[in-house]
Amino acid sequence: VLSPNETSYGHRGRLMQPNFNMDDSTWRGFRVLYLSYDITKLLKKGENELSALVGNGFYAIKLQEPDAYGTPRFICQVDIEYTDGTKERVVTDESWKVRRSAIVMNDMYEGEIYDARLEGSQEWQPVVLRDAPDGKLMLQDGVPDRVVRTIKPSSVRQLDDSRWELEFDEYVTGWLRLRNFQGKEGEEIEIDYPVETDGNGVYKYICNGKKVDSYAPRFRWWAYDKAIISGWPGELKASNIVAEVVNTDVKENAHFACSNKLFNRICEIWKQSMLDNMHLGVETDCPHREKGPYTGDGEASCVAVLHNYDVTAFYRKWFHDLSDCQDTVSGYVPNAAPWHPGCGGGVPWGAAMNIMPWEYYLRYGLKDVLAENYVPMKEQLRYMLSWRLEDGTMYQQRTLEDGNVGYWMNLGDWCPPYSLPSGNFVHTWYLWRCASITAKAAKALGYMDDYARYKALSDSVATAFHAKFYDPETGSYGETGLRKGGGYGVGDHEGCGDGSNIFALAMGVPADRYDKVIASVRKELEANNGHFNTGIYATGLFFEVLCENGMAEEAFEAMNKTDYPSFGDWIGQGAKTMWEQWNGEASRVHHMFGGAVTWLYRNLCGVQVDEEAPAYKHIILKPSPCGDIKWAKYSTETPFGSLSVQWKRNDEGKFVYEMTIPSGSYATVYMPDGSAPQTVSPGHTTLKCRLTL
């Protein structure tokens, strides 16, 4: 369904918005994807008719945001091989016919309307030949959207004479399929999906007086956990409705569970948020309001996605989208790929071009994919360097057509509970990270001169970062005292810290100030009653940084919170998915805080990748039992086979760690009692130790 995948189809010229300016004339490329099917079993003896129902999608979008490419286009080719060996090719040309369908409106934002009175009523007309899009026609290399499963409403309640309310136990994307109904000619059945934000669009069926066995929309999805149906003819029963769950059909290939039910639920609501935001071969920020393929949201959740799903083909396709949108003159990668005018972001968004292919390489070990993205990675880094200041730090200040700096083009971190680090701080940290990653990619690909150059660059950026942003008087990279709001933060707060020390520790701080920075982090946590005050990117680092710096218990406490701000606070309010803001405003199905769950796999369960032997060739196992967790387990499919670990401990301090290492891999195990690391060969192994109570 909803095929083919979305791409940058062709030139649209200067894509101007009040808060953005973009020109696609210097982008790297454009692509139009096609799908291939074996239709042999659909053929019958005698005449056969081939027809297609063509919708608008993002190509012929009606709203200004994003700008349309043009009116719908259709191209088809059928290759026939007869039993006698002869061949024939049928293609779309002037001999084809076209007519309007009963779908009188379809739009990715406004919705879909079906008027059954028009079924088969329109006369066939000669087709009109249209110019093809600029994009190169290519076989789709990504995963299609499908109806992945169906669910039934948990309740059906009549509101009044004409309205019925349906509730579902999950917050999903897709549509409702209507079954076994018959309305009078001209009667309208309308489905409203009430959500927390605008943009879900209309879903309407206009009856023709005949009995209908089944109907569902075709060209767009909705996001919902509740629906209100108006105008249903007669009594609405649960059997009349089935919710078809639709998303890009990536397969889950991992499993996590532990004795803490809250942690399990946090993972569940993130995974639901993630699948709700995977459509048309890209990741979106939210599946109702914007539907924008934000690179920054993708970067924030990338590692968590790689630890839960087989995204080998999905990400490879999306990397092509990022590369296609790159400005070949400046190296700039926009905030969304394919580009949707109106998508805000900044330096961390473009950094997805460097970060995501590298994380993909660590997970799958595919050097060809890393090589495909190596030049775009270098070019994105070149762009970042164009904003480097004399002091060696970076501060991007992209301007609009009127010459003013565009706020929505220059963000740093985003959506904290209270406040954010400065843009200069976050931009510099990302310059360091992108330089460091590009150096590692160069080394992995054998470009040793590039490795030396980018390694020196990352070192020099780190030096500038530490020189400018560390305060020796406070022993901190953050600020203390009254905090000001920003980036959707709720405002003043008497706590302290804004994630700056988390960023610094992730980079690595000089030894002579390490103890002071750790003390500052502890002070921040104490002042915030154990809570984090971090945006989407620092939150993705927060829990792992704490674990890796002797604060596993503090990581546990922060994840285990149930008051504001915390994942538990969301769940306590009934959240079925992750939200955009900690105070519940705006979208309530955002995946961008998903980076936080990676510590459950990489630290709590201890499964880590060796960068020098990626794809789990060499597995590092370093579990961090903490809090009141009695057991935890994680399993995943690797390129070498199934990998699984499980630990349990009792009240007497006995710790048992079981692992199954796939053939072709080996593991180095660091037990939590601090004993010497042990090398483990493929197969099942059980190790034991005693923990200090």
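The values are calculated or read from the model by the stated rules, or taken from the named source; none is laboratory data. All of these numbers come straight from a predicted model, not from anything done at the bench. All Cβ positions, even for glycine, are placed from backbone atoms using ideal geometry, and neighbour counts span all protein chains on display.
Using the structure shown, decide if T312 is assigned by TED's automatic domain parsing to the domain that holds Y364, among the hydroxyl-bearing types (S, T, Y) and in contact with a strand residue (DSSP E or B) (Cβ under 8 Å, 6 or more places away or on another chain).
For T312, the condition - assigned by TED's automatic domain parsing to the domain that holds Y364, among the hydroxyl-bearing types (S, T, Y) and in contact with a strand residue (DSSP E or B) (Cβ under 8 Å, 6 or more places away or on another chain) - is not met.
On the stretch given as the range 111-133, residues that are under 31 Å from the mean Cα position of the chain (by Cα), part of a loop (DSSP other than H, G, I, E, B) and either of a type in the set (S, T, Y) or crowded, with 17+ Cβ neighbours inside 10 Å (or both) total 1.
So that you can scan it fast, the table gives a plain yes or no per residue for (1) among the hydroxyl-bearing types (S, T, Y); (2) in the same structural domain as A313 (by TED's automatic domain parsing); (3) without any contact (Cβ under 8 Å) to a residue 24 or more places away in the chain:
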{"site": "E612", "(1), (2), (3)": "no, no, yes"}
{"site": "C626", "(1), (2), (3)": "no, no, no"}
{"site": "S635", "(1), (2), (3)": "yes, no, no"}
{"site": "L643", "(1), (2), (3)": "no, no, no"}
{"site": "F655", "(1), (2), (3)": "no, no, no"}
{"site": "G664", "(1), (2), (3)": "no, no, no"}
{"site": "G674", "(1), (2), (3)": "no, no, yes"}
{"site": "Q678", "(1), (2), (3)": "no, no, yes"}
{"site": "S681", "(1), (2), (3)": "yes, no, yes"}
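This table checks each residue for (1) touching a Gly at 6+ places or on another chain (Cβ under 9 Å); (2) assigned to a loop (DSSP other than H, G, I, E, B); (3) closer than 30 Å to G292 by Cβ.
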residue	(1), (2), (3)
H590	no, yes, yes
G594	yes, no, yes
T598	yes, no, yes
C626	no, yes, no
Y634	yes, no, no
T668	no, no, no
P672	yes, yes, no
A676	no, yes, no
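Could we say that C626 is crowded, with 18+ Cβ neighbours inside 10 Å and in contact with a helix residue (DSSP H, G or I) (Cβ under 6 Å, 6 or more places away or on another chain) here? In short, yes.
Would you point out the residue of the range 282-292, among those that are part of a loop (DSSP other than H, G, I, E, B) and within 8 Å of the chain's Cα centre (by Cα), that is surrounded by the most Cβ atoms within 10 Å (Cβ to Cβ)?
In the first step, residues of the range 282-292 are kept if they are part of a loop (DSSP other than H, G, I, E, B); the result is 284-292.
Still in the list and also within 8 Å of the chain's Cα centre (by Cα): 284-285.
Numbers: T284: 26, D285: 24.
Going through the qualifying residues, I end up with T284.
Here are L457, L431: which of them is at pLDDT 95 or above, part of a helix (DSSP H, G or I), in contact with a strand residue (DSSP E or B) (Cβ under 8 Å, 6 or more places away or on another chain) and in the same structural domain as N528 (by TED's automatic domain parsing)?
Numbers: L457 fails: in contact with a strand residue (DSSP E or B) (Cβ under 8 Å, 6 or more places away or on another chain).
Result: L431 is the single residue among L457, L431 that is at pLDDT 95 or above, part of a helix (DSSP H, G or I), in contact with a strand residue (DSSP E or B) (Cβ under 8 Å, 6 or more places away or on another chain) and in the same structural domain as N528 (by TED's automatic domain parsing).
Figure legend. Inter-residue proximity from the range 360-376: first residues over 23 Å from H307 (Cβ atoms), second residues of a type in the set (S, T, N, Q), beta-carbon distance below 7 Å, spacing 6+ or different chains. Indicated pairs: P376/S323; P376/Q326.
Close Cβ contacts (under 6 Å, 6 or more residues apart or on different chains) running from residues in the range 257-277 that are assigned by TED's automatic domain parsing to the domain that holds A304 and within 14 Å of A575 (Cβ to Cβ) to residues that are hydrophobic (A, V, I, L, M, F, W, C) and assigned to a helix (DSSP H, G or I) comprise R265/I571; I266/F567; C267/V597; W270/V597.
Among residues belonging to the range 1-21 that are surrounded by fewer than 20 Cβ atoms within 10 Å (Cβ to Cβ) and of a type in the set (G, A, S), point out the one that is farthest from G406 (Cα to Cα). Among residues in the range 1-21 that are surrounded by fewer than 20 Cβ atoms within 10 Å (Cβ to Cβ) and of a type in the set (G, A, S), the one farthest from G406 (Cα to Cα) is S3. Kindly establish whether V375 is modelled with pLDDT of 95 or more and surrounded by fewer than 19 Cβ atoms within 10 Å (Cβ to Cβ). For V375, the condition - modelled with pLDDT of 95 or more and surrounded by fewer than 19 Cβ atoms within 10 Å (Cβ to Cβ) - is met.
Inspection of the range 337-344 finds no residue satisfying the criterion of being closer than 17 Å to V305 by Cα, surrounded by fewer than 24 Cβ atoms within 10 Å (Cβ to Cβ) and of a type outside the set (G, A, S).
Filtered by the rule that a residue be out of contact with any strand residue (DSSP E or B) (no Cβ under 7 Å at 6 or more places or on another chain), over 30 Å from R398 (Cβ atoms) and surrounded by 10 or more Cβ atoms within 10 Å (Cβ to Cβ), the range 22-42 gives L35, I39. Looking at R99, R163, R117, R179, just one residue is of a type in the set (K, R), more than 30 Å from V282 (Cα to Cα) and without any contact (Cβ under 8 Å) to a residue 40 or more places away in the chain, and that residue is R99. P72 passes every criterion in (1) in contact with a Gly (Cβ under 9 Å, 6 or more places away or on another chain); (2) closer than 15 Å to F219 by Cα; (3) touching a residue at least 40 places away in the same chain (Cβ under 8 Å); (4) not small (G, A, S) apart from (3).
Scanning the range 378-401 for residues that are closer than 18 Å to P334 by Cβ and part of a loop (DSSP other than H, G, I, E, B) yields S386, W387, Q396, Q397, R398, L400, E401.
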